[in-house]
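The values are calculated or read from the model by the stated rules, or taken from the named source; none is laboratory data. Worth saying up front: this structure is predicted, and the values here are computed from it rather than measured. When we count neighbours, we look across all protein chains shown, and the Cβ atoms used for this are built from the backbone with ideal geometry, even at glycine. These area figures cover heavy atoms from the full protein model, side chains too; ligands, DNA and RNA do not enter into them. Shrake-Rupley method; radii C 1.70, N 1.55, O 1.52, S 1.80 Å.
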Amino acid sequence: MSANPIEQLEAFDTYLPIDVDDAELERLLEKAELPALLAALARLTGDVGLVPASLKPPHTRKSFIPMPQGGLDEDQQREARRLAFEAIKRYRDSDDKRIAEISEDDLKTIVSFMITRDFSEYRDLLHHEVADYDVGAPQWKLADLDPDRPFKVLIIGGGIGGIANAYRLKQAGVEHVILEKNPEVGGTWWENTYPGCRLDTSNYAYSFSFAQKTDWPQKFSRQPEIQDYVMKVADETGVRDRIIFNTVVKSVIYDEEAGEWEVVAITNGETVVHRANVVISATGQLNAPKYPNIKGRESFAGASMHSGKWNHDVSLKGKRVAIVGTGASAYQIAPAIADEVGTLEVFQRSAPWLFPTADYLDDISPELMWLFRHIPGYARWYRFWQFWLATEGRMPTVTADEGWSTEGSIGAINEAFRQELEGEFRRQLADRPDLVEKVIPTYPAGAKRLLRDNGQWSRTLRKPNVSLVTDGIDRIVPEGIVTEDGVLHEVDVIAYATGFRADEFLADIEVRGRDGVELHEYWDSDPRAYVTMTVPKFPNFFICGGPNSAVAANGSAIFIIECSIEYIMECIRTLVVNDLKDMEPTEAALDSFVSRIDAANRARAWGAEGVMSWYKNSTGRVSAVWPFELLEFWNMTRGPVESDYRFTPVDALTSQAAE
Ligand code: NAP
């Protein structure tokens with residue numbers, strides 16, 4: 001169903017008829033995720049009796065790790081299943097399969113059943129996430145606003161951000177092109193093919209709101225599954241037709257008089273110049289590999305590769321392999337290759353915190369998949385449930401208490417969180433005190449990315465052919481790695497899982513704005529953008545996924561990207577409707593935004609003194625991460641605040657010249 005006249009993608013989440021008998025339905029419900037199911041059924045049927053206060057997920061945590069079934073006890077689960085069974089039966093046996101019309105009060109009852117916050121704050125965000133039509137679609141067409149205005153947008157990057165941006169522009173009838181350096185779409189999902197690569201945010205949340213799926217095979221799918229999805233979206237939206245592949249952007253330079261950006265790119269070895277009124281950078285934050293600055297690295301005689309540029313031609317079978325790093329990439333690679341290699345040495349500089357997730361590697365059960373595919377709206381409500389549990393629900397665990405002085409934590413809740421995570425390490429490695437001491441991080445939980453774990457890390461580290469090396473690396477020699485204690489670790493292959501140049505937004509691209517100012521020089525190693533997207537002196541230049549837009553407590557990057565795009569579309573509409581040549585934020589707006597961001601980041605675990613990660617840049621400031629709840633990002637991106645921008649009318653320079 002469409003609520004606006006704008007073209008929409010045919011739904012990916014079409015539902016199949018409910019064709020099972022009562023006994024089978026009862027069996028299927030044994031595997032249901034109940035809170036989201038009750039909410040979905042209440043919304044489908046309009047019966048708010050399906051979300052009674054007695055079955056509200058408690059959310060009062062005995063534990064920081066999300067509780068199965070939202071913490072409902074056995075009796076509550078039994079009652080929830082009974083209610084769901086009766087509701088599905090009634091729906092199955094009725095001739096009327098329409099989604100019920102419901103009042104605002106009833107919607108409030110349903111949403112309030114799932115969350116602990118004020119419904120009115122979350123209403124629109126929820127609508128965006130679970131409505132059965134494309135709520136995020138622009139509500140305008142360029143031809144209706146100004147049919148005579150020539151307007152072209154150029155997007156750098158054909159990953160998740162570029163594709164979603166292009167689709168929104170297509171819906172609004174705005175001419176656009178994507179320049180993509182690779183021969184295929186997907187961005188980070190195209191480039192990261194290392195063994196074990198998969199999501200650590202639930203797919204149901206990490207997917208486009210306008211292309212939701214009911215049949216993700218896993219809750220945290222593998223890289224090929226996500227890459228296929230992105231390619232399918234590019235095909236079905238028609239966005240692929242607007243992509244110029246194998247194209248490396250070299251420079252982006254603003255022509256003030258024309259109000260156009262000149263973009264110089266190299267396509268298949270040939271230099272091509274493009275022009276556009278608006279440039280959107282969707283290059284991502286985590287795609288320029290960062291090799292460690294270790295003495296002698298180039299002298300290594302064996303094979304070496306970075307996690308983000310895995311060389312599948314190098315056989316690891318029976319080889320002596322080293323992995324440098326223990327971040328999210330290394331954490332996935334080591335368990336995936338441990339059984340194949342001869343020996344595996346994992347070089348750890350600082351240990352990662354692991355977030356217990358029992359079902360991290362599990363397939364979605366056939367029963368739950370059946371329910372997702374047959375109960376209209378269930379997968380969408382499950383998406384919202386995942387969103388809630390993974391983000392807003394988790395922020396208190398990474399927040400500082402003023403005056404807190406216990407080492408290794410930043411506040412009482414964070415300390416309790418630490419104790420729980422530490423307890424899990426101690427439980428899993430009770431018989432290996434040597435390993436326990438090595439794997440427990442010294443910094444606060446949440447200060448670096450938490451890695452989802454079902455026990456695979458300790459299972460891998462205790463394998464007889466695997467060792468965790470915690471002595472610092474001194475140098476690399478042709479035979480292998482020499483640690484600071486003088487020991488030579490002879491290896492055949494080195495895998496650098498050492499992360500990305502995350503603080504270098506638009507790395508390797510020269511960007512010159514007004515008065516010839518260069519973006520990286522303007523930033524001076526400290527990237528800052530108003531509302532994470534716009535920069536003074538760089539008119540009509542938007543960074544989708546820019547400084548301070550990454551989510552650290554495991555929200556969905558796609559949510560941030562979609563919100564950003566909706567903001568950019570509103571900026572484009574503002575330019576056209578008001579006959580403006582360009583817009584750029586004021587310095588004052590940027591300064592005040594950044595001060596607020598900095599103060600908030602200082603109060604989060606990742607802002608703690610002494611902790612370094614890709615969240616911080618070389619000046620020590622957190623320039624990667626969004627410090628607030630996702631609701632705040634949503635609210636901020638509903639459209640530009642006019643007083644924070646400087647606008648130039650289309651004819652400003654022309655009339656000045658005439659005077
Ligand atoms: P990362 O988190 O930056 O980790 C880099 C690792 O290399 C760290 O353990 C770091 O140690 C170590 N390291 C860096 N330089 C070193 C040196 N000179 N000597 C020894 N060790 C060194 O990089 P990543 O693992 O590639 O992950 C980056 C981000 O990508 C993640 O945080 C996440 O957002 C994303 N990602 C997501 C997934 C997923 O599951 N969906 C998977 C992979 C990556 P220190 O900690 O001591 O600096």
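Put a dot 7 Å past the Cα of GLU257, heading toward its Cβ, do the same for ASP591, and the two dots end up 3.3 nm apart.
Residues of the range 98-113 with an amide N closer than 20 Å to a point placed 7 Å from the Cα of ARG123 along the Cα-to-Cβ direction: 100-113. Stretching the chain fully between LYS141 and GLN8 yields a gain of 46.5 nm (0.36 nm per residue, less the alpha carbon separation). All distinct Cα pairs of the range 411-476 go into the 1/r average, and the inverse of that average, the Kirkwood radius, is 13.4 Å. Residues whose amide H comes within less than 5 Å of that of PHE355, counting only those at least five positions distant or on another chain, are LEU451, ARG452, ASP453 (H built at 1.01 Å from N in the peptide plane). Per-residue packing, averaged as other Cβ atoms within 10 Å, sorts the ranges 450-463, 480-493 into the order 450-463, 480-493, beginning with the highest.
Amide H contacts of TYR645: THR586, each under 5 Å away and 5 or more positions distant or on a separate chain (H built 1.01 Å from N in the peptide plane; Pro and chain starts excluded).
Taken along the Cα-to-beta-carbon direction at a fixed 7 Å, the label points for ALA100 and ASP401 span 4.4 nm.
Counting only residues at least eight positions apart within a chain, or on another chain, the lysines with an alpha carbon under 26 Å from that of LYS141 are LYS152, LYS170, LYS232, LYS581.
Both radii come from the Cα set of the chain: Rg as radius of gyration, Rh as Kirkwood radius; their ratio Rg/Rh reads 0.97. Rolling a 1.4 Å probe over the protein heavy atoms of the range 504-622, with every protein chain left in place, gives an accessible area that is 48 percent carbon and sulfur. Roughly how far apart, in whole Å, are the Cα centres of the range 141-167 and the range 493-539? The distance from the Cα centre of the range 141-167 to that of the range 493-539 comes to 23 Å. By the Cα gyration tensor, the range 532-659 has an equivalent ellipsoid whose semi-axes, rounded to whole angstrom, run 32, 16, 11 from largest to smallest. A protection proxy built from the mean count of other Cβ atoms within 10 Å ranks the segments 638-651, 223-236, most packed first, as 223-236, 638-651. Stokes-Einstein diffusion coefficient for the range 41-191 at 4 °C in a medium of 1.567 mPa s, Rh from the Kirkwood formula over Cα pairs: what value in µm²/s? After rounding, the answer is 66 µm²/s. For the range 624-634, the Karplus equation 6.51 cos²θ - 1.76 cosθ + 1.60, evaluated at θ = phi - 60°, returns couplings of 9, 10, 7, x, 9, 6, 5, 4, 5, 5, 4 Hz by residue, with Gly and Pro reported as x. Computed from backbone phi, the HN-Hα couplings of the range 279-285 come to 10, 10, 8, 10, 7, x, 9 Hz, rounded to whole numbers (Karplus: 6.51 cos²θ - 1.76 cosθ + 1.60, θ = phi - 60°; Gly and Pro given as x).
Here the range 7-39 and the range 400-469 have alpha carbon centers that stand 38 Å from each other. Taking the DSSP bridge list for the range 252-386 and keeping only pairs wholly inside it, about 70 percent are antiparallel. Evaluated at q = 0.18 Å⁻¹, a Debye calculation over the C-alpha positions of the range 370-453 (equal weights, vacuum) places log10 I(q)/I(0) at -0.84. The string of couplings for the range 115-121 from the Karplus curve (6.51, -1.76, 1.60, θ = phi - 60°) is 10, 10, 10, 5, 4, 4, 5 Hz, one whole number per residue in order, with x for Gly and Pro.
Packing, as the average of other Cβ atoms within 10 Å across residues, places the peptides 74-80, 14-20 in the order 74-80, 14-20, highest first. Beta bridges per DSSP, both residues in the chain: antiparallel share near 45 percent. Projecting the Cα atoms of VAL535, ILE572, ILE160 onto the charge dipole of the chain, computed from C-beta unit charges around the Cα centre, puts ILE160 farthest toward the positive end. Apolar share of the accessible surface for the range 198-281: 44 percent from carbon plus sulfur atoms, 1.4 Å probe. Averaged over its residues, the chain has an accessible area of 40 Å² per residue, based on protein heavy atoms and a 1.4 Å probe. Taking the protein heavy atoms of the range 23-178 in the context of the full set of protein chains, the accessible area attributed to carbon and sulfur is 49 percent at 1.4 Å.
Around the Cα centre of the range 333-486, unit charges on the Cβ atoms of Lys, Arg, Asp and Glu (plus for the first two, minus for the last two) sum to a dipole of about 580 debye. Averaging the sequence gap over all C-alpha pairs within less than 8 Å and six or more residues apart, then dividing by the number of residues, gives the chain a relative contact order of 16 percent. How high is the FRET efficiency from SER467 to ALA336, r the C-beta distance, R0 22 Å, rounded to 0.05? It comes to 0.80. Between GLN212 and PHE12, ASP13, the built amide H atoms are under 5 Å apart, and every one of these is 5 or more places off in sequence or on another chain. In the chain, the calculated helix contribution to ellipticity at 222 nm averages -10000 deg cm²/dmol per residue, counting -39,500 (n - 2.57) for every DSSP H run with n ≥ 4.
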